[in-house]
Amino acid sequence: MKQLTKKKCLRVGLHVGLWILFYFCVGRVVTKAVYRDNALVINVVSLIDLLINITLFYLTCYFIFPKFLYKKKLLVTLGYLIGVFYVTYAINYLMFKSLLDVTDGYIGKEKTYITIAWELFLKDGGWLGCFKSARIATWNYTLALFIPTITISVKSIRDIIFIQKKNAKLELDRIVLERDKLTLERDKLALEQENLQLEINFLKSQINPHFLFNTLNSVYVDIMDTNEQAAEQVLKLASLMRYGLYESNQGQADLAKELAYIQNYLDLERIRHGHQVTITFDQRGNLAGYKIAPLLLISFVENAFKHGVRKSKQAAFIYIHASMQDGLFTFIVKNSLGISEIDKTGTEPGGVGLVNTRKRLQILYPDRHELAVNTVADTYQVTLQLKLA
């Protein structure tokens, strides 16, 4: 606070000193050389000239330009400039008219500048002479506004440079802020991905996978000759577990393998539910060469069985459609609804699984997916469109 007060005092002192210097070294010297008149005339003209310069400088530089010109309010600024031009002319007119009775010069009987200017410009021009004649307007500008134009221009150039530097700093601060924001978002996404991976790894580590596969192989050998259907179920279950434990370790999996995983899951569900559920899996398009995040689609299928089949007391259906066209993958899961969460709470079925899948899509495909969930009558449908190319 003290430092600011000190700077303000120094600035005020500097301004006062410069105006005093202006009065004695510029105002009086120039006035004596131009007017060539007695002391009274020189003192009056010098004082009025000083007051005009001070008033125009501070009014223009500290009020009109910052409030109007720099904010591009050009009509107000133009009106001010016209007003200043006329006021300075009116002051000169009144001053010269008043000094006619006291002007006498100091070098003999030659006409003084007061007399010459009155006869050449002001006498015939009257109070509106600056708007009647270009010659009078030029004389008024040269006499009263030439020096203020210089001082105001210097201050305005300084203001413009300061504003440009300030704007450049603000723009730099904005860029730095945006960069920091993007860094925080990136770190947040990385942390969420890491947490998801930790959850997956935790689930995988609950039971030793080699123990499970060896046990399933033993069960398959034991029942292969006595129950072929059960043996087939064991093989499909082993295939599901193998994909979930090993293929999902990679960041991307073959789309064809992901859909084969869903096919095996559906085959097991067909055996479980028999004729009670009609299951249809429709695949179209060439899927070769496309990659997708592993285990991304299965939650939609599991959700259909959980909320559309297990809670139904009558025959149900599940329809799954997967297609690829020009790099756009479409995955639709449609199921009949029984007594579901939407009947009880008014919210969409899906629970935590669907919520987590939404988060994964936001993280892995932020601008490359569209997910729509619709409930019509007794049918629930999830539609995912994913840009994979």
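What is the number of the single condition among (1) free of Cβ contacts under 8 Å to residues at least 24 places away in the same chain; (2) touching a helix residue (DSSP H, G or I) at 6+ places or on another chain (Cβ under 9 Å) that VAL45 does not meet? Of the numbered conditions (1) free of Cβ contacts under 8 Å to residues at least 24 places away in the same chain; (2) touching a helix residue (DSSP H, G or I) at 6+ places or on another chain (Cβ under 9 Å), the odd one out for VAL45 is (1). A search for C-beta distances below 7 Å between a residue of the stretch 267-287 that is in contact (Cβ under 8 Å) with a residue 60 or more places away in the chain and any residue that is part of a helix (DSSP H, G or I) and small (Gly, Ala, Ser), counting only pairs 6+ apart in sequence or on different chains, returns nothing. Close contacts from the stretch 319-339, counting a first residue that is more than 19 Å from GLU302 (Cα to Cα) and a second that is part of a strand (DSSP E or B), with Cβ to Cβ under 7 Å and a gap of 6+ residues or different chains, come to SER323/ARG284; SER323/THR330; GLY327/LYS387; LEU328/GLN385; LEU328/LYS387; PHE329/LEU386.
Scanning the stretch 281-303 for residues that are among the hydrophobic types (A, V, I, L, M, F, W, C) and within 19 Å of HIS369 (Cβ to Cβ) yields LEU287, ILE292, ALA293, LEU295, LEU296, LEU297, ILE298, PHE300, VAL301.
Name the single residue, out of those in the stretch 370-389 being in contact (Cβ under 8 Å) with a residue 60 or more places away in the chain and surrounded by 16 or more Cβ atoms within 10 Å (Cβ to Cβ), that is farthest from ASN335 (Cα to Cα). For the stretch 370-389, the residue satisfying everything is LEU388.
When residues in the stretch 8-36 are screened for being part of a helix (DSSP H, G or I), under 18 Å from THR103 (Cβ atoms) and in contact (Cβ under 8 Å) with a residue 40 or more places away in the chain, 2 of them pass. Reported count of residues in the stretch 46-86, each being closer than 19 Å to ILE150 by Cβ and aliphatic (A, V, I, L, M), is 11. The criterion of being at pLDDT 90 or above and over 39 Å from the mean Cα position of the chain (by Cα) does not hold for ASN38. Considered as a group, the residues in the stretch 264-294 that are open to solvent by 50 Å² or more (accessible area, probe 1.4 Å) and assigned to a strand (DSSP E or B) include one that is nearest to GLN252 (Cα to Cα), and that residue is LYS291. Residue-level check: of (1) surrounded by 10 or more Cβ atoms within 10 Å (Cβ to Cβ); (2) at pLDDT below 65; (3) within 30 Å of THR357 (Cα to Cα); (4) not charged (D, E, K, R), LEU198 misses just (2).
All conditions in (1) modelled with pLDDT under 90; (2) closer than 29 Å to VAL34 by Cα hold for LEU69, with the sole exception of (2).
Whether any residue in the stretch 88-109 is open to solvent by less than 60 Å² (accessible area, probe 1.4 Å), of a type in the set (D, E, K, R) and out of contact with any Asp or Glu (no Cβ under 7 Å at 6 or more places or on another chain) is what I want to check. No.
For the stretch 251-263, the candidate set comprises residues that are within 42 Å of the chain's Cα centre (by Cα) and not hydrophobic (A, V, I, L, M, F, W, C); within that set, the residue that is surrounded by the fewest Cβ atoms within 10 Å (Cβ to Cβ) is GLY251. In the stretch 77-93, the residues that are more than 18 Å from LYS132 (Cβ to Cβ) form Cβ pairs under 6 Å with partners that are among the aliphatic types (A, V, I, L, M) and open to solvent by less than 20 Å² (accessible area, probe 1.4 Å), at six or more places apart or across chains, as follows: TYR80/ILE64.
The values are calculated or read from the model by the stated rules, or taken from the named source; none is laboratory data. Bear in mind the structure is a predicted one, so any value in this text is a computation, not a measurement. No Cβ is skipped: glycine too gets one built from the backbone with ideal geometry, and neighbour counts run over all protein chains shown. Keep in mind that these areas ignore ligands, DNA and RNA; they rest on the heavy atoms of the full protein, side chains included. Shrake-Rupley method; radii C 1.70, N 1.55, O 1.52, S 1.80 Å.
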